[in-house]
Amino acid sequence: MLYRQQFKMAVPASAKRITKKGAVYVSWETKAGRKITAELKTDASGAEYVSAESSTWYARWRDSAGRRVQKNTGCTDKSAAAAVLAKW
C-alpha cells in the first residue's frame with residue numbers, strides 16, 4: 001500500500017486566516033515560494049494546528065514472517081514509488 005504520512009504542524013506566524021463556507025483556513029508561503037492553504041484545526045487542549053502531508057511516498061506491507069513493514073520510498077511521484085515497491 002502506498003500512502004503519504006500525515007502529521008500535525010504548528011501554524012506559521014506569517015499565516016493569514018481565511019474563512020470559506022464557515023470553515024477557517026490558513027494560508028502562507030514557504031521559503032521556496034510555494035503557497036500553501038490548509039484547514040485550521042484545534043486539538044483537545046485548545047492548541048491550533050494544521051494537518052500536513054509528507055512530500056515523499058511511503059510503502060506499507062506484511063512480509064513473509066507476518067511482520068508489518070513500513071518504509072520510505074524516497075519518491076515524490078506515486079508511479080516511481082510503485083516501481084520501488086515492486087523491486088522490494
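The values are calculated or read from the model by the stated rules, or taken from the named source; none is laboratory data. Treat the numbers as computed from the prediction; the structure is a model and nothing was measured. Cβ sites come from the backbone with ideal geometry, for glycine too, and all protein chains shown count toward neighbours. These accessible areas exclude ligands, DNA and RNA; they are computed on the full protein's heavy atoms, side chains included. Shrake-Rupley method; radii C 1.70, N 1.55, O 1.52, S 1.80 Å.
Any idea of the accessible area per residue across the chain, 1.4 Å probe, to the nearest Å²?
Working: 6470 Å² over 88 residues.
Heavy-atom accessible area per residue stands at 73 Å².
When the chain is treated as a GNM, springs tying every alpha-carbon pair under 10 Å, which of 50, 11, 24 comes out with the largest mean-square fluctuation?
Highest fluctuation among the options: 24.
I'd like the FRET efficiency for residue 43 and residue 71, computed as 1/(1 + (r/R0)^6) with the beta carbon distance as r and R0 of 35 Å, rounded to 0.05. Mind dumping the intermediate values first?
Values: r = 29 Å, r/R0 = 0.82.
The formula returns an efficiency of 0.75 here.
Express in nm, to one decimal, how much length is gained between residue 61 and residue 78 on full extension, taking 0.36 nm for each residue of separation and deducting their alpha carbon distance.
Going from the current span to full extension adds 4.5 nm.
For the stretch 14-88, which trypsin sites (Lys or Arg not before Pro) are in a loop by DSSP, counting at most 12 other Cβ atoms within 10 Å? Could the numbers behind the result be given before it?
On the way: sites: 16, 17, 20, 21, 31, 34, 35, 41, 60, 62, 67, 68, 71, 78, 87; in loops: 21, 31, 34, 67.
Counting only loop positions with at most 12 other Cβ atoms within 10 Å, the trypsin sites (Lys or Arg not before Pro) in the stretch 14-88 are 21, 31, 34, 67.
Name the most mobile residue of 19, 37, 76, meaning the one with the largest mean-square fluctuation, in a Gaussian network model of the chain with Cα contacts below 10 Å.
Looking only at 19, 37, 76, the biggest GNM fluctuation is shown by 19.
Can you tell me the dipole magnitude for the chain around its Cα centre, using point charges on the Cβ only (Lys, Arg +1; Asp, Glu -1), in Debye to the nearest 20? Display every interim value, and only then the final one.
Working: 17 positive and 7 negative charges, 32 e Å.
The calculation lands at about 160 debye.
Select from the stretch 35-82 those GluC sites (Glu not before Pro) which occupy a DSSP coil region and have at most 16 other Cβ atoms within 10 Å, ordered by residue number.
Details: sites: 39, 48, 53; in loops: none.
Here no loop site has a sparse enough neighbourhood.
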